[in-house]
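Novice: Pasting a structure below so you can have a look.
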Amino acid sequence: MDQIAAIIVAAGRGTRAGAGLPKQWRSVAGRPVLDWTLQAFRRAGLTQLVVVIHPDDRARAGALLAPGEMLVEGGAERVASVRAALEALAPAPPAQVLIHDGARPLVSAQVIADVRAALADAPAAAPALPVVDALWRGTSGEVQGTAPRDGLFRAQTPQGFDFAAILRAHRTHSGPAADDVEIARAAGLRVAITPGCEDNFKLTYPADFARAERLLTERHAMDIRLGNGYDVHRFGEGAGCWLCGVLVPHSRALQGHSDADVGMHALTDAIYGALAEGDIGQHFPPSDPQWKGAASEIFLRHAVDLAAQKGYRIANCDVTLVCEMPKIGPHAKAMQARLAQIMTLAPERVSVKATTSERLGFTGREEGIAALATACLIADGKVDA
Ligand code: MG
């Protein structure tokens, strides 16, 4: 038995959110609200989850559970639902329990962690935000008076408790209660206040769903992919080297099947790498004569287009050229501008720099040029992974 369990209360039939399914079952950002809520607790490291549901929802709730998680049928009121879950845990009691509204899918790992930390020193702890707006009393659309807001908080969940203490409090409680903190306080428990979060709101009205959709989509877009690329080309006969799309004057040229733009090749491979899509040789086989002497921007554009197709945009990239000669410094700005143009990125997202290898190795002997590149890709939020 884990030291801490979480009860997710999702038995309500809430209709204020508009017609259709109860709010915890409505789809937001491609998944039921309750599914997001369960994920939030799993991501925060909770493994013992008890989901309190309406008896009609048993089948659809079962589909969301991970192994070891439990369904409990709730009652007509929230108090009865929480009580049922506590009683279900009672035979093998955890040391502590978190009780959370199923319709708060945006609860952060930090909010959960703060409640857990506070339970080390208090029998109960819950997140809340201080009231910052002025408070009025009003009826019929008219202000009738004001009220001081000092010391007032907006309560959130998860509310955390010593398990035995909250079970005892629920067993002796009668009548309605706004939340479990009210029940705990009625039993004489001290309740610590931990930091709440504006995003940890309870989906209640139709507009809340649009807000949750936006926030969850943004979080989903935090799917970040990193790739690296490395390439080498040797010097040979010729005048000038194509490097990152710029023809740099030099007494020799780089040899290769295409224009031998070693920097652009490394960068292209970094993008393919971030997509787990192989490398340039796989997409543009050197055995295919149509790529002989090809401008390497064809390869780079292909990688960028492939990223877009797969739902990614390039957040930034960084290319390092390794050579003694030609000197890269005077051309670095032009290379940055050219790569940014090819990738349709702002230049600030493209870095080109260079180093020598202290006259060591093949680059030090000026036999060729090496290049390394890193690319960071972010899911653009339009694609549902
Ligand atoms: Mg190459």
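Residues checked against (1) within 16 Å of the ligand (Cβ to nearest atom); (2) open to solvent by 30 Å² or more (accessible area, probe 1.4 Å):
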{"site": "Ala178", "(1), (2)": "no, yes"}
{"site": "Asn200", "(1), (2)": "no, no"}
{"site": "Glu218", "(1), (2)": "no, yes"}
{"site": "Arg234", "(1), (2)": "yes, yes"}
{"site": "Pro249", "(1), (2)": "no, yes"}
{"site": "Arg252", "(1), (2)": "no, yes"}
{"site": "Ser258", "(1), (2)": "yes, no"}
{"site": "Thr268", "(1), (2)": "yes, no"}
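Novice: Just to be sure I understand the filter: pairs with C-beta atoms under 8 Å, separated by 6 or more residues or on different chains, first member in the stretch 241-263 and without any contact (Cβ under 8 Å) to a residue 12 or more places away in the chain, second member away from the ligand (no atom under 11 Å from the Cβ). Which pairs pass?
Specialist: Once the first residue is without any contact (Cβ under 8 Å) to a residue 12 or more places away in the chain and sits in the stretch 241-263, its partners that are away from the ligand (no atom under 11 Å from the Cβ) give Leu247/Gly240; Leu247/Cys241.
Novice: Name, by its number, the condition in (1) surrounded by fewer than 15 Cβ atoms within 10 Å (Cβ to Cβ); (2) not in a helix (DSSP H, G or I) that does not hold for Gln290.
Specialist: Unmet condition: (2).
Novice: Could we say that Tyr272 is within 14 Å of the ligand (Cβ to nearest atom), within 14 Å of Ala371 (Cβ to Cβ) and under 36 Å from the mean Cα position of the chain (by Cα) here? Please lay out each step first, then the result.
Specialist: Values: within 14 Å of the ligand (Cβ to nearest atom): yes; within 14 Å of Ala371 (Cβ to Cβ): no; under 36 Å from the mean Cα position of the chain (by Cα): yes.
In short, no.
Novice: Which of the following residues is in contact (Cβ under 8 Å) with a residue 24 or more places away in the chain and not in a strand (DSSP E or B): Ser357, Ser351? Lay out the reasoning, then the answer.
Specialist: Values: Ser351 fails: not in a strand (DSSP E or B).
None of the other options fit; the residue is Ser357.
Novice: Mind checking which residues of the stretch 47-70 are open to solvent by 50 Å² or more (accessible area, probe 1.4 Å) and among the β-branched types (Val, Ile, Thr)?
Specialist: Thr47, the sole residue that qualifies.
Quick grid of which residues meet (1) more than 18 Å from Arg234 (Cα to Cα); (2) more than 16 Å from the ligand (Cβ to nearest atom); (3) open to solvent by 60 Å² or more (accessible area, probe 1.4 Å):
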{"position": "Gly263", "(1), (2), (3)": "no, no, no"}
{"position": "Ala276", "(1), (2), (3)": "yes, yes, yes"}
{"position": "Glu297", "(1), (2), (3)": "yes, no, no"}
{"position": "Asp305", "(1), (2), (3)": "yes, yes, yes"}
{"position": "Tyr312", "(1), (2), (3)": "yes, yes, no"}
{"position": "Glu324", "(1), (2), (3)": "no, yes, no"}
{"position": "Ile328", "(1), (2), (3)": "no, yes, no"}
{"position": "Lys333", "(1), (2), (3)": "yes, yes, yes"}
{"position": "Ser351", "(1), (2), (3)": "yes, yes, no"}
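Novice: Cβ-Cβ below 6 Å, separation at least six or inter-chain, first residue in the stretch 315-343 and over 23 Å from Phe362 (Cα atoms) and in the same structural domain as Glu367 (by TED's automatic domain parsing), second assigned to a loop (DSSP other than H, G, I, E, B) and charged (D, E, K, R): which pairs?
Specialist: From the stretch 315-343, no pairs qualify.
Novice: Something else about it: Please work out if Ala239 is more than 16 Å from the ligand (Cβ to nearest atom), assigned to a loop (DSSP other than H, G, I, E, B) and over 30 Å from Ile99 (Cβ atoms). Before the answer, list the steps.
Specialist: Details: more than 16 Å from the ligand (Cβ to nearest atom): yes; assigned to a loop (DSSP other than H, G, I, E, B): yes; over 30 Å from Ile99 (Cβ atoms): yes.
The answer is yes for Ala239.
The values are calculated or read from the model by the stated rules, or taken from the named source; none is laboratory data. Keep in mind the model is a prediction, meaning the values are calculated, not measured. Glycine also receives a Cβ, built like all others from the backbone with ideal geometry; neighbour counts cover every protein chain displayed. Only protein heavy atoms, including side chains, enter the accessible area calculation; ligands, DNA and RNA are left aside. Shrake-Rupley method; radii C 1.70, N 1.55, O 1.52, S 1.80 Å.
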